[in-house]
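K.L.:
Quick one: this structure, given as structure tokens, is what I'll be asking you about.
What follows draws every value from the coordinates through simple rules; no lab data is involved. Computed from a predicted model, the values in this text were never measured in an experiment. Cβ coordinates were reconstructed from backbone atoms using ideal geometry, including for glycine residues, and neighbour counts include every protein chain displayed.
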């Protein structure tokens, strides 16, 4: 097990150079199961709601009133008999819903923010056993990436947007781990503002690195509470033992996630949470304890969390096999059990039906 802070110190200098940032090479890396979504070698797009099940297909063809209705929330009734990919009515709510609500209110159409332009920084603080990114990319190896300036990133985004058949109004900064180099968030946002674009900025983070966020607070804090910016923090594991097994990081760093999440909340960020549907032992007890931890940060935060289905993408298969050989196998607990506990048993225990029938972005913090 390793120290993520020391790893960040190692990769941070490799991730920035003369005002440019190291962006991972997607093409040929095994990260993308659909090569048609790769835009050049270094960028890609993601359809957050992809139309892979009956509810997602219906979503694309529904009225705006229905798109904002509770009919698309939660799990399908017969989810135990369905493949894992079909158990949630909408696998993701955000950024489509958060962008639409923040920029246009409930008259906004989430389908206009569903196709997202992804910018993946090269370099990470973790070595997750389910990660779809090859290890050499997460170590900020310049042989597997290329340096881009914020101007070049926005130029490429606008080119892709002009060629896209569907609306493309969201830029997603992901990784790797962007908060190792939060300067990229500041610079990309400023480039969006400079060009006066109606573009939503969605930032992924594993919540490991408050150190560099605090160093850029004077600029970053004012950006993170803008209406066209949202942040999602992905918690890895429901207890320190699971966290360590999943990430390869020393158990004591489990608490960093909650400290970093509190920082975002204190800065009035439009903050959301992800949680992989992975648990090793005592699922009901461990997951309920995790709900309690989120409620300590903010009583409504569990309602702003989405549980993620972990799929075996080409790159993930390699990591899963390698990490199992190193003594960090994937949990054997059925992911469906996690979903059942979260959505059908635990959330109703703490929240009213009225609250459960709201989208994550409508839940007040």
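K.L.:
Please state the shape class of the stretch 52-151: rounded when a/c is under 1.5, otherwise prolate if a/b exceeds b/c and oblate if not, all from the C-alpha gyration tensor.
P.N.:
It comes out oblate by the Cα gyration axes.
K.L.:
While we're on this one: Compute the Cα gyration tensor for the stretch 164-258, then decide on rounded, prolate or oblate, letting a ≥ b ≥ c be the square roots of its eigenvalues: rounded whenever a/c is under 1.5, prolate when a/b is larger than b/c in the other cases, and oblate in all that remain.
P.N.:
Note, shape of the stretch 164-258 comes out prolate.
K.L.:
Also, I was wondering about something else. Using a Gaussian network model of the chain with C-alpha springs under 10 Å, which one of 31, 120, 93 is most mobile by mean-square fluctuation?
P.N.:
31
K.L.:
Of 300, 18, 53, which has the largest mean-square fluctuation in a 10 Å C-alpha GNM of the chain?
P.N.:
18
K.L.:
What percent do you get for the relative contact order of the stretch 4-362 when only Cα pairs under 8 Å and 6+ apart count?
P.N.:
20 percent
K.L.:
Would you indicate which of [x] 29, 61, 10, 0; [y] 28, 57, 14, 0; [z] 30, 63, 7 is the value of P(r) over Cα pairs in 20 Å bins from 0, in percent derived from the coordinates of this structure?
P.N.:
Computed from these coordinates, P(r) over Cα pairs in 20 Å bins from 0, in percent corresponds to label [z].
K.L.:
Here's another thing I want to ask about it. Tell me the relative contact order for the stretch 1-105 as a rounded percent, counting alpha carbon contacts under 8 Å between residues six or more apart.
P.N.:
Worked out over the stretch 1-105, it gives 18 percent.
K.L.:
Between residue 311 and residue 326, 0.36 nm times their residue separation minus their Cα-Cα distance comes to what?
P.N.:
3.3 nm
K.L.:
Turning to a different aspect of this structure: When only C-alpha pairs under 8 Å and at least 6 residues apart count, what is the relative contact order of the stretch 154-290, in percent?
P.N.:
It rounds to 23 percent for the stretch 154-290.
K.L.:
Using the Kirkwood formula on the Cα atoms of the stretch 204-323, what hydrodynamic radius do you get, in angstrom to one decimal?
P.N.:
Final number for the Kirkwood radius of the stretch 204-323 is 15.3 Å.
K.L.:
In whole angstrom, note down how far apart the Cα centers of the stretch 171-217 and the stretch 35-82 are.
P.N.:
Computed from Cα coordinates, the inter-centre distance equals 26 Å.
K.L.:
Say we join alpha carbon atoms closer than 10 Å with springs in a Gaussian network model of the chain; which of 294, 341, 246 then has the biggest fluctuation?
P.N.:
Among 294, 341, 246, the largest mean-square fluctuation in the Gaussian network model of the chain belongs to 341.
K.L.:
At what distance in angstrom do the alpha carbon centres of the stretch 328-365 and the stretch 83-110 lie from each other?
P.N.:
16 Å
K.L.:
Set the Förster radius R0 to 51 Å, insert the Cβ-Cβ distance between residue 285 and residue 211 as r into 1/(1 + (r/R0)^6), and round the FRET efficiency to 0.05.
P.N.:
After rounding, the FRET efficiency stands at 0.95.
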